[in-house]
Structure formats: structure tokens, C-alpha cells
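Here is the structure we will look at.
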Amino acid sequence: MKDYIAMNSIIGVYNFASQPPHKDLLKSMLGVLKHRGSENSGCYILGNLGLAGALFTDSNNIRVILDGQICNSQQLRTQLEIKGCRFRTETSAEILSHLYEEQGIDFAKELRGEFAFVIYDDKKKLLFLVRDRIGKRALYYYADSERLIFASEIKAILQDKSVKREVDFESLDLYLTLGYVPSPKTMFKGIYKLLPAHFMRCENGQFKIEKYWKLTYAHKQRFTLKEWESRILQLLQESISLRLAGMDSAGVFLSGGVDSSAIVLLAAQILKRPVKTFSIGFQDKDYSELKYARQIAERFDTEHHEFIVKPEVMEILPKLIWHYEEPFADSSYIPTYYVAQLAGRYNNIVLGGDGGDELFGGYERYIGTNVGILLDKCPRLLITSLVSLLGGKDTSQGDIKSQQNKIGRFLNAVLEYKNPLQRYLRWVSYFYDSQKRELYLQTRDNDLDGPFNYFKDIFTQADGKDFIDKIMYLEIMTGLHNDSLIKVGTAARANSIEVRYPFLDHKLVEFAATIPSNLKLRGFGTKYIFKKSLSKYLPREVLYRKKMGFGVPVGRWFRNEMKDYVRDHLLDQQLVNRGLFKKQTIERILQEHMAEKRDYTPQIWVLLNFELWHRMFIDGGLPE
């Protein structure tokens, strides 16, 4: 049995002058998003505003389109009924309309869940676009002197043929470094993402964007270890319960890591039927976590399903590029797509474990930050010698997941930068500045400052008292919603399923920010207090095994099954004619990687995804 999913398309055209938008454009925009589900969707002309989607209209002409789930909708509905509100539907959109009438747009602060929504006040001619605090649902917009166009996906905006499809070169540089284009920018010049925890207010032919929530790390709480453990599990269980309200069964993406295992543990206690678990593996055992996923599935008696990813991804890459809409260099989008496809055969609603690392300190680079400060006290000659032993400055030999490679990248950043934030950027970079200088046909040093300035601007907003707190704030405000949530959410929508994120309930996020960093990191161990809270329930082998991530052996595929595919795309004259990159640099990267002299997996993957995206969205017409 499949449950109702809270996935809808938000589409709108707001003309600044009085003329109404063309209904045919709205129909075209709605049609290109049919994979999201179009039940109860229609097109509506309201003066100079056109809307498309599942529109709710109340008796006072407050109109709402909601994409997502309001997890505390029942609580909010009860509060409104006590105050005398009468409801004629069971929809969350109607709850939003009543809350707006009572409080104005400030009601957004009361919502818990995964959502983006539009509210139009027909009497006041006020339009609001709102996105949830963490960015679990996307909302894009384009504006010029005549109108504002907005939609749940970029490809809907591109249905307006007057919107030019051009590369934003600042975004390209950010992408080459980070592997994604960070909000509010996109790779399309003139098209933007509405930032998480923000709303847009439109009236009288103008619009303004405001922030309605700020995450703080400034206030630390004091509890005993037992109290910390109990409170963490209590909040996580509450979050899962809210997301499973009214459901007998649900699915969970199970990697066999700590976060997804914790969700299986708690969901199994809540649901009446066995949890359905979905896992992905690889023929290459260095990348496969199925052993641990099976262990958890057996322990909690789940209905377990698996899929083995094979190096035949060339067949689905065009489909993935179409759905992701922007170049996206996180190779784990491949297994994520497959696990979403697998889940879609059995469940419409799946719980995901995203956010646990950002909340509780799960990344090795957090440990690296502290170690780097200690290494500053060591002779630089010692660090230089270690870097040389590990294979050179920019990349080390061997596989991208190898410990040798990771240590080489870490030490090189310590050697090159004194500023811990610059080191952090180096650790998460795909192309370093030195490599981009070799890649670009034309560049100036100040052209390369974008990624660091982007991180610095957000880092300075953090109010944590130590560097680790500030880095965790930075992770939540950058990579979490620009990478992880885009990756999972897009794969889910492509397969017509909905993912809900228990770790990212804002109550749990806010609580995690009050945990002192020395309870998140202990020595060389990550997630100390979170793992301790689970020690009674999960096997030690799962809790304390080495983190694998969700990587894909594309580096090995590039040398074998995908060798010709990569060469055909990256050495093609079509790429050269764009005047962006030096062909000889790409030739050298491919040659050294194929010969196993260097591991250029990240750089090749970044370039390949950009090239495929450019051919699909810029060079040609937008495909169906």
C-alpha cells in the first residue's frame, strides 16, 4: 500500500504591469513538471498573476499552493479550531490560509516540516513565496523589468522562451571548486534559488526577500551525559513520529551507517508494520556497505530490498542531468537515483538520514581542523616531507577514497594555508585555485576568490564560540541544502516519491547547536554523544566503523568501462569551441589519470557533468 505524498508543483508568473500572463505558458510550465505528479493541478489567471499547481482558495480569496509536508499540521489545526476556525477540507494548504489570515506571513515561524509554498492575498494584492528553514524543498525564480517567474524547478522557468539560457561564469567558478552551485545563484545567468529560511514579498510591481529564522550556536546547555543521550533520542523520535503520523508502514534509505540505522531503530518502534529498508551496493567491495545494511535489516526485522549498481551509468546520465538541471558533481547521485527508483516500487514516502553528520559532527574534516591547528606547531619541513612521500602537492596517487590520498590532501592544505577556513575550503574542493589557473583559457587571480568569499561571508554570520561550531554552521548553510538535499530530493522526485528528513526538524537542529563541540568530537572520534546515545541499541561494528560515505567507483570506471565515453565528451571540439578551458590541460588530466599516475577522479567528474549539462540545457533545445 502506498501513502499520499505531499509533492506538488509551484508555478507562477507575476507581471509587474497590469496585463495578465499567458495561460499557455502556465500549461507548458506545468507540463514539463508532470513527473512530480499533477493530480488536482490547474492553471489560474488572477489579474496580473498566473498560478499553476494544486491551488487552494478560501472564502476570503487567500490562495495557497503548498509543495511538501507541514509536520505539525494537526496541532496547528486544533489550535485554530479552538479559536473558532472552521475547515472544509483536510489539506495543510487550508491550515496555511487560516494562519495567514490570523498572523500574516509571520506564521511561517510556527511551521515544522519540509515545504515551499506560495500565498496570494487577493484583496491586498500581496504575493509571498516561502521556503522552509533548512531548504528541503527548492524554489527558483527569474526576474526582469517586466515580470517575476517562479517554479519548483528551473526547467519550468525555461519554458518562457524569452528567458535566455546562458552560463553564469561566477557560478561556473564556484561549481569547479565546490561541485555544486551555491544558493542563491544557479548555473543559469539570471535564475536564482530562494534561500532557505527566507520569504519573498511581492506587491506593486516590486519584490523584497527577507529572512525569518537564524540558527544560533551561542547558547550552550549543560546536562549530564545521560541527559544529553536521552534528550537527543527523544527529539529524534518525536521528529520521526511527526513524519510518520497516520502511517502504518514506511520506507527508510538504509546505508548501514549510524544515521540511517538510528532511523530504522526508532521507526521500527513507532510503526505497526515492518519498516521497509532500501540499500544500494557495488560490485566493487571497497565501495559497498551492504554488509552493514543487512546487519541492521536483520536486527530490526525489516522488509529489506537491495540493488547493485553496475558501471553502465552512461545510459542514465542524460536522464540524471535533465532532472538535476544544473551541473552536479556529487557522484553519489547515481546510487541515490537507483535507491529512490528501488523504493518507488514499494513506497511513496521514505525517511532519509541526511543531516546527522552536520548536526553531530560526523565528518573527518572536523577532526582535521583541530589536527591542523596542532600541526601548525610542527616544523614545516616535516610536513613538506610527508606531502612528498604521499605523492605530491595537488593530488596523490591511487584511489580517491584511499587513506593515503586523504592524508595527502589534508597535509597539503596545512602546508599551503595558515587560515583554517582556507584549509577547510581546500579539503572540500574539486579543483584547487592552482588547477583552475591551468584549466581556464583566461583568468585573473581575483577571478578565483569567489568560493572563499562565499564561505567567508557565511562563516562570519556564525555566532559559535569555537571554530568547530562555526564550521558546522557553515556546513548546514552551504553543503547540506546545496548538495545533500538537492541530491536526495531530486532523485526522489524523479521517481515520484517523497523523502522526509527526521534529523532536519528545526527543533532538533536548534537543540544540536546547543551541544558543546567537545561532546561531538572526542580525540579522533566523530559523533561522540550521538553514538553514545545509541550504544545500547546498535552493534558496535556499525557505530564505530570507518565512515565510507556514499561514494561511487567512477575513478576506476573512467579507466575502464567509461574510458571512451569520457574522452569523446571532454576532448570533443564542441567543448573546445566554447573558449572556456584549455584542451591541453584536459588532455593531461585524462592521460595521467588513465595511466594511474594521478587520481583526477573529482576533476574529471566535474568537467564531465558540466559538459553534459551544457550540451543539454545551453547548446540544444530543452529535451522532454
Exercise for review: Subtract the Cα-Cα distance of GLN283 and ARG88 from 0.36 nm times their separation in residues, and report this length gain in nm to one decimal.
Suggested key: 64.8 nm
Review point. Which order do LYS161, LYS155, LYS136, LYS582 fall in if you start with the one that has the fewest other Cβ atoms within 10 Å?
Key: LYS161, LYS582, LYS155, LYS136
Revision key, fill the gap. Listed by chain and number, the aspartates and glutamates with an alpha carbon less than 18 angstrom from that of LYS291, same-chain partners under 8 positions apart left out, are ASP259, ASP301, GLU303, GLU306, GLU541
Review point. For the chain, which DSSP H helices look membrane-span-like by this rule: Cα extent along the axis of 15 Å or more and mean Kyte-Doolittle of at least 1.6?
Key: 258-270
Review point. Taking the Cα atoms of the stretch 553-624, what is the range of coordinates along each of the three principal axes, in descending order and whole Å?
Key: 38, 26, 18
Practice item. Let me know the shape class of the stretch 211-271, please: from the alpha-carbon gyration tensor, a ≥ b ≥ c as square roots of the eigenvalues, rounded when a/c is under 1.5, otherwise prolate if a/b is greater than b/c, or oblate. Key: prolate
Study note, to complete from the structure: Ranked from fewest to most other Cβ atoms within 10 Å of their own Cβ, LEU607, LEU80, LEU381 fall in the order LEU381, LEU80, LEU607
Check your understanding: Over the stretch 235-308, what number does the Rg to Rh ratio reach, with both radii from the alpha-carbon atoms and Rh per Kirkwood?
Key -> 1.00
Point to revise | Reciprocal mean inverse distance between Cα atoms of the stretch 124-260 - Kirkwood radius, Å | key: 18.8 Å
Exercise for review: Can you bin the stretch 218-377 into rounded, prolate or oblate? Criterion: square roots of the alpha carbon gyration tensor eigenvalues sorted a ≥ b ≥ c, rounded for a/c under 1.5, prolate for a/b above b/c, oblate for the rest.
Suggested key: oblate
Point to revise | Cα convex hull volume per residue for the stretch 289-371 (Å³) | key: 173 Å³
Practice item. For n ≥ 4 DSSP H runs only, could you compute -39500 (n - 2.57) per run for the chain, divide by its residues and tell me the 222 nm figure to the nearest 500? Key: -11500 deg cm²/dmol
Point to revise | Length-normalised contact order of the stretch 260-330 in % [C-alpha pairs under 8 Å, at least 6 apart] | key: 30 percent
Revision key, fill the gap. Shape call for the chain, from the Cα gyration tensor axes a ≥ b ≥ c (a/c under 1.5 means rounded, otherwise prolate when a/b beats b/c, else oblate), comes out oblate
Point to revise | Whichever lysines have a C-alpha closer than 19 Å to that of LYS208, once near sequence neighbours (fewer than 8 apart) are set aside | key: LYS109, LYS124, LYS125, LYS185, LYS193
Review point. Straight-line reach from LYS319: which aspartates and glutamates have a Cα under 13 Å away, not including same-chain ones fewer than 8 places off?
Key: GLU624
Review point. Mind listing the Cα extents of the stretch 11-211 along all three principal axes, in Å, largest one first?
Key: 54, 38, 32
Exercise for review: Identify the residues of the stretch 449-477 with backbone N under 18 Å of a label point that sits 7 angstrom from the Cα of GLU416 along the Cα-to-Cβ direction, or state none.
Suggested key: 449-456
Check your understanding: Mind checking Rg over Rh on the stretch 480-624, alpha carbons, Kirkwood formula for Rh?
Key -> 1.09
Point to revise | Packing rank of 15-23, 487-495, where each peptide gets the mean count of other beta carbons within 10 Å, highest leading | key: 487-495, 15-23
Review point. Which whole-angstrom value gives the distance between the alpha carbon centres of the stretch 289-353 and the stretch 536-600?
Key: 20 Å
Point to revise | Using distinct alpha-carbon pairs, which all enter the 1/r mean, Kirkwood radius of the stretch 172-247 in Å | key: 17.1 Å
Practice item. Assuming R0 = 22 Å, can you tell me the calculated FRET efficiency for the pair SER388 and MET594, based on Cβ-Cβ distance, to the nearest 0.05? Key: 0.35
Practice item. Distance check, please: which entries in LYS310/LYS436; LYS23/LYS164; LYS377/LYS597; LYS310/LYS547 exceed 26 angstrom between their Cα atoms? Key: LYS310/LYS436; LYS377/LYS597
Review point. What ranking of THR336, THR78, THR514, THR526 emerges when the number of other C-beta atoms within 10 Å of each C-beta is taken as an exposure proxy, fewest first?
Key: THR78, THR514, THR526, THR336
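Every number in this text was worked out from the coordinates using simple rules, so none of it is lab data. No experiment lies behind these values; they were computed from the predicted model shown. Cβ coordinates were reconstructed from backbone atoms using ideal geometry, including for glycine residues, and neighbour counts include every protein chain displayed.
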